[in-house]
Amino acid sequence: MELKDKSVVVGVCGGIAAYKVVEVVSRLKKLGADVDIIMTANAQKFVAPLTFRSLSHRPVITDMFDEPEYWDIKHISLAKKADLFIIAPATANMIGKLASGIADDMLSTTVTATKAPVMIVPAMNHDMYSNAVVQQNIERLKGLGYIFMEPDTGVMAEGTSGKGRLPEPASIVDMAVGLLKPACDLKGLRLLVTAGPTRENIDPVRYISNYSSGKMGYAVAQAAAERGADVVLVSGPVSIGAPRGVKLISVNTANEMRDAVLKEFPDCDAVVMAAAVADYKAAEGSQLKIKKSDDDMVIRLEKNPDILKELGNIKGSRILAGFCAETDHLVENAMKKVEAKNLDMIVANDVTMEGAGFGTDTNIIKIIKRDGSVTDLPLMSKLAAAHKVLDQLRLISKNEIF
Ligand code: CTP
């Protein structure tokens, strides 16, 4: 009963993904949370309030002016009672209203009145999601402290594909649990995280890189910040926004990442290197665009620095954690890296397994420590996996570092 005594208000807007929120509510209840539901008028066209009432065991709020069962000013009492608000699916309309201070229905009114953290989970057609006004509204709300969960990419209700799908209910609940966790067990820890790919230029229009989305490293940064750590995130080029409360340093190349990491390293207690650093770069990068010729082309590559190995040589009392994506002999290969780079632990994943590859929101990880112990974890969201990594990091520290 992880969420016993926690009060969550779920605001449901009118979108086809509203049916998935039924499972979100069911999962929150199973974790012991007290769940109240506010549905907009349009949400009720997709899912009947009765469904939510049956799951939450509470009256569902559908109207600003319905007769109260007992006298309280509902939008104020719910706003005060909530430990967390979740708005899912959040439509472009609701995001626009909140960004503009419009409070003209029960959901927007209650959210406007709350001091609880508000987690917004947008879901809409991908062209709507990428619309400049919608994106500006999202940025505005992020700047005001609202917490956003990125939509998934995939096939949409209307049959086209793109970014805008509601994430899986399990991932939404994981994020909510993270936000509700009172634990500030990493307070005092200064953590350096790296994430994403690096990009090595061949000429001004071409580069060498890899499929890393940055999601795992960003999840570690987010989870650590939620648990009270002071987090610096050195990130290669990715398409996701920095988590709240994290200092972001954006870089492109492996050498830029190395410089940024070495600069931050003296002030940190632990490093989690989740970046997929390109091992090679073009030996002779061209300042001008290379023109096509009739011949085949050979690009000579030269080695990039091994950042983590360098840190291993100067680690002192810091905790060093690496990541490795392997296709075979997972534990053996991972253990070799622990030795070679002087690490305290490594997080290994077999990228050939479904749900564990690049770009997914889930991962299947093994956490391998220097003493040879292996924590074998099942498929879970990257955020939940990030918390497991931090749990292990905390165990290694034995409170000696932070
Ligand atoms: N790493 C690094 N600098 C590099 C390459 C890797 O700091 N030039 C870090 C990664 O961020 C990761 C760890 O080292 O935390 C292991 O990365 P991986 O690519 O699995 O290891 P490599 O040493 O590059 O070995 P290989 O690619 O041959 O498996």
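The values are calculated or read from the model by the stated rules, or taken from the named source; none is laboratory data. What you are looking at is a predicted structure, and each value in this text was computed from that prediction instead of being measured. Methodologically, a virtual Cβ is constructed for each residue, glycine included, from the backbone with ideal geometry; neighbour enumeration extends over all protein chains shown. When the accessible area is computed, the model is the full protein with side chains, heavy atoms only, and any ligands, DNA or RNA have been set aside. Shrake-Rupley method; radii C 1.70, N 1.55, O 1.52, S 1.80 Å.
Among the residues of segment 171-200, the ones that are at pLDDT 95 or above and open to solvent by 40 Å² or more (accessible area, probe 1.4 Å) come to 2 in all. Counting only residues that are of a type in the set (S, T, N, Q) and part of a loop (DSSP other than H, G, I, E, B), segment 136-182 holds 1 of them.
MET216 fulfils the conditions (1) within 13 Å of the ligand (Cβ to nearest atom); (2) open to solvent by 50 Å² or more (accessible area, probe 1.4 Å); (3) not charged (D, E, K, R) except for a single criterion, (2).
Residues in segment 251-291 that are part of a loop (DSSP other than H, G, I, E, B), within 16 Å of the ligand (Cβ to nearest atom), touching a residue at least 40 places away in the same chain (Cβ under 8 Å) and open to solvent by less than 50 Å² (accessible area, probe 1.4 Å): 7 in all.
Identify, from the list GLY355, GLY359, GLY372, the residue that is assigned to a loop (DSSP other than H, G, I, E, B), farther than 23 Å from ASP269 by Cβ, assigned by TED's automatic domain parsing to the domain that holds ARG227 and touching a strand residue (DSSP E or B) at 6+ places or on another chain (Cβ under 7 Å).
Result of the check over GLY355, GLY359, GLY372: GLY355.
Which residues, counting only those in segment 137-152, are of a type in the set (D, E, K, R), more than 11 Å from the chain's Cα centre (by Cα) and under 24 Å from LYS382 (Cα atoms)? Within segment 137-152, GLU139, LYS142, ASP152 meet the criteria. Cβ-Cβ distances below 8 Å connect the following pairs, each with a first residue in segment 355-377 that is touching a residue at least 24 places away in the same chain (Cβ under 8 Å) and among the hydroxyl-bearing types (Ser, Thr, Tyr), a second residue that is open to solvent by less than 40 Å² (accessible area, probe 1.4 Å) and in a loop (DSSP other than H, G, I, E, B), and a separation of six or more residues or different chains: THR362/GLY355; THR362/ALA356. In segment 228-248, which residue that is modelled with pLDDT of 95 or more and closer than 13 Å to SER212 by Cβ is surrounded by the fewest Cβ atoms within 10 Å (Cβ to Cβ)? This residue is PRO237.
One residue stands out in segment 292-319 among those that are more than 9 Å from the ligand (Cβ to nearest atom) and not in a loop (DSSP other than H, G, I, E, B): the one that is surrounded by the fewest Cβ atoms within 10 Å (Cβ to Cβ), namely ASN313. Those helices (runs of 4 or more DSSP H) of segment 27-82 in which at least 3 residues are at pLDDT below 80 and open to solvent by less than 60 Å² (accessible area, probe 1.4 Å), considering only elements entirely within it, cover 74-81. Annotation: of all residues in segment 320-352 being polar (S, T, N, Q) and outside any loop (DSSP other than H, G, I, E, B), the one that is farthest from SER381 (Cα to Cα) is ASN333. Checked against the criterion of being away from the ligand (no atom under 15 Å from the Cβ) and closer than 24 Å to VAL261 by Cα, segment 324-341 has no qualifying residue.
Quick check on segment 320-327. Is at least one of its residues of a type in the set (Val, Ile, Thr), touching a Gly at 6+ places or on another chain (Cβ under 9 Å) and in contact (Cβ under 8 Å) with a residue 24 or more places away in the chain? Within segment 320-327 (the criterion being of a type in the set (Val, Ile, Thr), touching a Gly at 6+ places or on another chain (Cβ under 9 Å) and in contact (Cβ under 8 Å) with a residue 24 or more places away in the chain), the answer is no, since none of the residues qualifies.
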